[in-house]
Amino acid sequence: MDEAARLIVEAGRPLTRGELVTKLSSEGHKLDGTDKNKVLGTNLWRSGKFVNLKGAGYWPKGEPLPSKFDTES
């Protein structure tokens, strides 16, 4: 989960499950399951450390949300 958060923050925007699977795999992280996108999404949600921004992807809780995605401003 820490690596997923790092990748998202480095990108400066929310990332989808597919984008995260691609980036994590390219960095050598082993992802379990036959449907890696689904498994990763479930783990992100269960961790309680991310919010899923509909249509945009995942963003780490506690990190300032880029203004483009900040619905509270």
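Rule-based calculations on the coordinates, nothing more; no lab input. Being a predicted model, the structure only gives us computed values, none of them experimental. Note: ideal-geometry Cβ built from the backbone for every residue, glycine included; neighbour counts use all protein chains shown.
Which residues, counting only those in region 47-69, are among the charged types (D, E, K, R), over 10 Å from the mean Cα position of the chain (by Cα) and surrounded by 10 or more Cβ atoms within 10 Å (Cβ to Cβ)? Within region 47-69, 61, 63 meet the criteria.
Applying the set (1) surrounded by 13 or more Cβ atoms within 10 Å (Cβ to Cβ); (2) in contact (Cβ under 8 Å) with a residue 12 or more places away in the chain to residue 39 leaves exactly one unmet item: (2).
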